[in-house]
């Protein structure tokens, strides 16, 4: 998945139904943003090897990975990759404080460790500490000005801080750097939805779903934008698509229940999502 502008309670509740996914919890679809990597240089074996700890992480045995990386970093406290992977493992268990501490230790070893800056900023955003996250995103972009991930997270941070214009600019830059960055497309659309610019949200969401149709969040947000544009039948279809992917998705379930009883206008022309996606691609070219 915040705003300084006051809006009526009912509208705020509806907008939250579409945009609430911009701040993912660990394990959400957006956790796919987590950046993992193995070191490019070999690590000397110890009582616990990096490889065995990393295998536990790769196999999603996160609590075991925390234990193993804790032992590993106790033996090799100066290994930046060990501290980084301890941070990732702690984050995946839901221990955000532990993750923050480990990422900060990694950065104390190497202040230019981009992946630690990126994921520390993500955890801080999840903790509601966007202002603390900002310098880490800025450090990332100072090191690598071509980091699409960096701009995507900068957009999230700006959004949390109420700077909608800054958030939109950052998401656009991320998409220019990677025209298949579906999460930046989703977040750009969410910013439009928050500003009640529902038509502007259709193109990026349609394009995101063309690239990856397996993310329930995209379908839910597209459904909401369609609903607000009066395309009720298509909105129903998108909410159902979201629930087919994730039957436990409460926002999509509530949205579907709300619109299923709304009269459908059989004479209304449907939104041409393919055309809207192509139009969005043309807009992206103009941002270069």
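The values are calculated or read from the model by the stated rules, or taken from the named source; none is laboratory data. Note that this is a predicted model, so its numbers are computed, not measured. Here Cβ is always computed from backbone atoms with ideal geometry, including for glycine, and neighbour counts include all displayed protein chains.
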Which is more than 16 Å from the chain's Cα centre (by Cα) and either surrounded by fewer than 21 Cβ atoms within 10 Å (Cβ to Cβ) or over 17 Å from residue 285 (Cα atoms) (or both), of 159, 200, 178?
200
Can you tell me which of (1) over 21 Å from the mean Cα position of the chain (by Cα); (2) crowded, with 21+ Cβ neighbours inside 10 Å is the one residue 274 doesn't meet?
(2)
Selection from the stretch 86-119 of residues over 23 Å from residue 156 (Cα atoms) and either in a loop (DSSP other than H, G, I, E, B) or within 20 Å of the chain's Cα centre (by Cα) (or both) yields 110
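For (1) crowded, with 19+ Cβ neighbours inside 10 Å; (2) on the phi > 0 side of the Ramachandran plot; (3) touching a strand residue (DSSP E or B) at 6+ places or on another chain (Cβ under 7 Å); (4) not in a helix (DSSP H, G or I), each residue gets a yes or a no:
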position	(1), (2), (3), (4)
222	yes, no, no, no
230	no, yes, no, yes
235	yes, no, no, no
252	yes, no, no, no
257	no, no, no, no
263	no, no, no, yes
278	no, no, no, no
Would you tally the residues in the stretch 128-137 being in contact with a helix residue (DSSP H, G or I) (Cβ under 6 Å, 6 or more places away or on another chain) and either assigned by TED's automatic domain parsing to the domain that holds residue 90 or over 11 Å from residue 100 (Cβ atoms) (or both)?
3
Given the criteria surrounded by fewer than 19 Cβ atoms within 10 Å (Cβ to Cβ), modelled with pLDDT under 95 and not assigned by TED's automatic domain parsing to the domain that holds residue 224, does residue 36 qualify?
yes
Residue check for residue 6: at pLDDT below 95, touching a helix residue (DSSP H, G or I) at 6+ places or on another chain (Cβ under 9 Å) and over 20 Å from residue 126 (Cα atoms):
yes
